[in-house]
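Notes follow once the structure below has been shown.
The values are calculated or read from the model by the stated rules, or taken from the named source; none is laboratory data. Since the model is a prediction, treat every value here as computed from it, not as a measurement. Protein only, heavy atoms only, side chains kept; ligands, DNA and RNA dropped before computing areas. Shrake-Rupley method; radii C 1.70, N 1.55, O 1.52, S 1.80 Å.
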Amino acid sequence: LPERLRSLIADALVIRPKELYDNAVPSGNSAAADVIQRIALLTGDAELERIGVSAIRLIRDVLGRAPSGFGHALSALDLSLGPTREVAIIGSMDEPAARALADEILAVRFLPNTVVAIAAPDDQEAVEAVALLRDRPQVDGLPTAYVCERFACLLPVTRTQDLADQLLEAAR
């Protein structure tokens, strides 16, 4: 909307309506809580994590009384309370080995509290934007995956079976 029209609408409202319940489509509040927390997991930004959790606190009193109305919000709550995983893959998606590592995470497994960052080894822009990718070199020039929790990583792996084993172990 043009700024002038937006200001007219905002001035006409006594309060801005905010839908907090999740319906067929998640509420903006629930979606924001989830996305902001996932960005915090990728960047290590504690302030973003605090903002994401505060969106959940807004509905904490009604969450327990009507959980069926807050399905997506409960997922965001689980993301904030439960163990999370961060996976960094360093390798070009043009390489079959890098694609196989990504497929192991994205296509083969259901990992709800996991964020994934993928970048080519020479992609400085991605490394600057996503802290999870920093200081994660390839091993022996091969596409490499790092499975981490709060930026503390297991040993880097280059084989899909090793990645699968680490993901299984991290899920326990």
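Ligands, DNA and RNA left out, the 1.4 Å accessible surface of region 106-172 is 52% carbon and sulfur atoms. Note that region 47-172 presents 55 Å² accessible area per residue, ligands and nucleic acids not counted, probe 1.4 Å. Once both axes come from the Cα atoms, what is the angle between helix 46-57 and the longest principal axis of the chain, in degrees from 0 to 90, rounded to 10? Once rounded, one gets 50 degrees.
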